[in-house]
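For reference, the structure discussed in these notes is given below.
The values are calculated or read from the model by the stated rules, or taken from the named source; none is laboratory data. Nothing here was measured: the structure is a model prediction, and the numbers come from that model. Please note: Cβ atoms are built from the backbone with ideal geometry, for glycine as well, and neighbour counts cover all protein chains shown. These accessible areas exclude ligands, DNA and RNA; they are computed on the full protein's heavy atoms, side chains included. Shrake-Rupley method; radii C 1.70, N 1.55, O 1.52, S 1.80 Å.
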Amino acid sequence: MLRISKMTDYAILLMVELNRDGETLSAHALADRVHVEVPTASKVLKLLAGARLLKSYRGANGGYRVARPAADVSVAEVIAAIEGPIAMTECSVESGLCHQEDSCDLRSNWQRISLAVARALSNVSLAEMSAPLKSTPPGLRIATLNSA
């Protein structure tokens, strides 16, 4: 199963929450709002600020604020800020990371798949994530290879 990490899930939650009112909020206030531990929220917020998705402010009235509106931030950007480049395999990112590279012909296909996933995630904004779908889009069916 392909999954994003808990940290990435929390990053999307925190970004959506910060976009609700556009206010500056402390890590503690955000952690309370999205029900995560303060150290976890702090770590994620620092990564998002480092990726320039958030602006951070010091001082008594400091905290975090979004750098851009939710409609202008893709899910792919948030994932990349926490996880690094979106890739299905290590060889999809750069050469020299896999000991089978010289004898394997799959790299170009893994790169193609990774690009398709990255494009799909780039087409979903945080604004869309903050407004749950009323129903499943037509044609969307999720199945597993081992399901009956």
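Screening ALA116 with (1) within 30 Å of ALA41 (Cβ to Cβ); (2) modelled with pLDDT of 85 or more gives one miss only, at (1). In a residue-by-residue description of segment 84-105, the property of being open to solvent by less than 70 Å² (accessible area, probe 1.4 Å) and at pLDDT 95 or above applies to no position. Just to be sure, is ARG3 at pLDDT below 95, in a helix (DSSP H, G or I), among the charged types (D, E, K, R) and out of contact with any Cys (no Cβ under 9 Å at 6 or more places or on another chain)? For ARG3, the condition - at pLDDT below 95, in a helix (DSSP H, G or I), among the charged types (D, E, K, R) and out of contact with any Cys (no Cβ under 9 Å at 6 or more places or on another chain) - is not met.
Among the residues of segment 59-76, the ones that are polar (S, T, N, Q) and touching a helix residue (DSSP H, G or I) at 6+ places or on another chain (Cβ under 7 Å) come to 1 in all. Whether a residue is over 21 Å from ALA120 (Cα atoms) and modelled with pLDDT of 95 or more was assessed, and THR8 does not pass this test.
Scanning segment 23-59 for residues that are within 15 Å of LYS6 (Cβ to Cβ), assigned to a loop (DSSP other than H, G, I, E, B) and in contact (Cβ under 8 Å) with a residue 12 or more places away in the chain gives a single hit, VAL36.
Just so you know, in segment 26-75 the residues that are in contact with a Lys or Arg (Cβ under 9 Å, 6 or more places away or on another chain) and polar (S, T, N, Q) include one that is least open to solvent (accessible area, probe 1.4 Å), and it is THR40.
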